[in-house]
Amino acid sequence: MKSSSHFKFLQASILGILIMLTFLHLLFYYSTLSLSCIWLLFISSLYYYSSRPNPVFLLDFSCFKPDSNQKCNLQSSQSFVRRTNRFTNESEEFMRKIFLKSGLGEETYAPKFVFQSNPEAKLESVMDEAQQGMFSAVSSLLSKTGIQPSLINSLIVTSGSFSPVPSLSSLIVNRFKLKPDVKTYNLSGMGCSSGVISIDLAANLLKKSKEIGYALVVINESISLNWYFGDSRPMLVTNCIFRVGSAAALITNDPSCRRVAKMELVQSLRTHHGASDRAYKAAFQEEDDKGNLGFALTKDLIPVAGAYLREHIKILAPRVLPLNQLAMYAYSVICSAATSGKNSKFKPIFVPDFTTAFDHFCIHTGGKAVIEQVGRVLRLSDVLTEPARMSLHRFGNTSSSLVFYELAYFEAKRRIKKGDRVWMLAFGTGFKVGSLVWKSLSDLGQQSDNPWDDCIHNYPLK
């Protein structure tokens, strides 16, 4: 027994020695290959971490809330129209009907000149409107983030229809004493999509920068000089739905800000459909037959918004939707193509369920009809379009800043939780569609400067 045990031990020892010798042999002969693989893996990892885009965070945002003496209800609107003595009875009645079915409430805000005894908008009026909104939003934002103006590397200011000289970005630099080497961008003529476009621009600047920095985005629309005094109905509509509003957002690529930032930007997309004449002229600034300058919202606007939203989501969907939704959509398209010549009635009936990709929706509140059209295209329930409808009711169409008023609505309702995804969707003249997809980094609650702080208990409307 003893000799047998000794023999087995000897066998195990010899086997171990043979395995070790084999390993050393392979290591000796293939050491060059092994080292090459290790080196290649190291270089690949180094390249990946050095070349990948910087993460982009929404540090915080602020929305401007005008003084209560600027609230514009139906009575004050009618009083303003009559005091101007520039509208026919027919035009006055048309605007009254549009106001009543517009979805706007009785507490939206109008420029100060509307309430004056001699309501005439001048350059002073529009500058006062711009300064009031932008200065308030930026001051509030810098105060609650604790970021000093000297730390801001890039400034992007957008205003769809007001572009003074010096520019609005120069106005912000002067007011807040930004540093001399700050990079400034002044965007105009982009309509209601310019807020989303500005965030996309800021994100691209920060992603490609090799330095840690902050980008201040200021979103403003001045309507004082855009009031239409004529009788063209497509132009009169703008008098009824556009209202005062402004927002500011602070974006950064500082990884250490992840713990204090509100959201991380995970996707952005801009599509331009101006090659189509119908899309290009769907919303257009021009003179009427009497020489009155106005902004026409044509009958093509709603169908154009629906058609090019579909084109937009064809690009966005593969980036955000789960595989099962993409597979079902692809199958319906293939079936439609295969049977198009045999059965003209067959159409792709499957619309992806975007609630599988997003938890919350900030839909551009261009008007009641726009919200309804987006809801139809995306098959969103009234619960999902609630923030858009309530924002339109409380603040009217504040143009490109309104998606942030919707985000503030979510905060006031404490609906956004850590990990939730938010889709911001906006349309602009030209015709443009823009999307931002955010991922919440914490549970978002109401802050002291939230524009809904005194009225959120009244919403949603019953």
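The values are calculated or read from the model by the stated rules, or taken from the named source; none is laboratory data. Bear in mind the structure is a predicted one, so any value in this text is a computation, not a measurement. Cβ placement follows ideal geometry from the backbone for every residue including glycine, while neighbour counts extend to all protein chains displayed.
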Exercise. Do you know which residues across the range 257-280 are surrounded by fewer than 18 Cβ atoms within 10 Å (Cβ to Cβ) and more than 29 Å from LEU216 (Cα to Cα)?
Worked result: ALA275, SER276, ASP277, ARG278, TYR280
Exercise. What pairs come up if the first residue lies in the range 100-112 and is farther than 21 Å from ALA369 by Cα, the second is modelled with pLDDT under 90, and their beta carbons are under 6 Å apart, counting only those six or more places apart or on different chains?
Worked result: PRO111/SER224
For this session: Please work out which one of (1) on the phi > 0 side of the Ramachandran plot; (2) of a type outside the set (Phe, Trp, Tyr); (3) buried (at least 18 other Cβ atoms within 10 Å of the Cβ) is the condition LEU407 fails and give its number.
Result: (1)
For this session: Please tell me if TYR459 is within 18 Å of the chain's Cα centre (by Cα) and among the hydroxyl-bearing types (Ser, Thr, Tyr).
Result: no
Problem set entry | Residue ID - nearest to ASN69 (Cα to Cα), chosen from residues in the range 238-271 that are of a type in the set (Lys, Arg) and more than 17 Å from the chain's Cα centre (by Cα) | ARG243
Exercise. Within the range 358-406, can you find the residues that are under 17 Å from the mean Cα position of the chain (by Cα), assigned to a loop (DSSP other than H, G, I, E, B) and over 23 Å from LEU59 (Cα atoms)?
Worked result: THR365, GLY366, GLY367
Problem set entry | Segments classed as strands (runs of 3 or more DSSP E), wholly inside the range 166-256, with at least 2 members that are small (Gly, Ala, Ser) and crowded, with 19+ Cβ neighbours inside 10 Å | 245-252
Exercise. Looking only at residues in the range 295-313 that are over 26 Å from PHE354 (Cβ atoms) and out of contact with any Ser or Thr (no Cβ under 6 Å at 6 or more places or on another chain), which one is surrounded by the fewest Cβ atoms within 10 Å (Cβ to Cβ)?
Worked result: LYS299
Exercise. Does the range 410-433 contain any residue that is more than 14 Å from the chain's Cα centre (by Cα), at pLDDT 95 or above, within 22 Å of TYR109 (Cα to Cα) and crowded, with 23+ Cβ neighbours inside 10 Å?
Worked result: no
Exercise. How about the range 432-462: which of its residues are closer than 30 Å to GLY306 by Cβ and either assigned to a helix (DSSP H, G or I) or of a type in the set (S, T, N, Q) (or both)?
Worked result: SER435, SER440
Problem set entry | Matching residues, the range 268-282, being over 14 Å from VAL433 (Cα atoms) and outside any loop (DSSP other than H, G, I, E, B) | ASP277, ARG278
For this session: Could you tell me whether the range 342-353 includes any residue that is buried (at least 18 other Cβ atoms within 10 Å of the Cβ) and either under 28 Å from MET263 (Cα atoms) or modelled with pLDDT under 85 (or both)?
Result: yes
Seminar exercise, completed: Result of the Cβ filter at 8 Å on the range 166-187, keeping first residues that are on the phi > 0 side of the Ramachandran plot and partners that are of a type outside the set (Ser, Thr, Tyr) and modelled with pLDDT of 95 or more, at least 6 apart or interchain, is LYS177/PRO149
Seminar exercise, completed: Going through (1) more than 22 Å from ASN54 (Cβ to Cβ); (2) at pLDDT 95 or above one by one, ILE152 fails only at (1)
Exercise. Of everything in the range 112-144 that's of a type in the set (Val, Ile, Thr) and modelled with pLDDT under 95, which residue is surrounded by the fewest Cβ atoms within 10 Å (Cβ to Cβ)?
Worked result: VAL126
Seminar exercise, completed: Result of the Cβ filter at 7 Å on the range 131-151, keeping first residues that are under 12 Å from ASP449 (Cα atoms) and hydroxyl-bearing (Ser, Thr, Tyr) and partners that are at pLDDT below 95 and crowded, with 18+ Cβ neighbours inside 10 Å, at least 6 apart or interchain, is SER140/ASP449
Exercise. If you take the residues of the range 50-81 that are of a type outside the set (Phe, Trp, Tyr), closer than 22 Å to LEU201 by Cα and at pLDDT 95 or above, which of them is surrounded by the most Cβ atoms within 10 Å (Cβ to Cβ)?
Worked result: CYS63
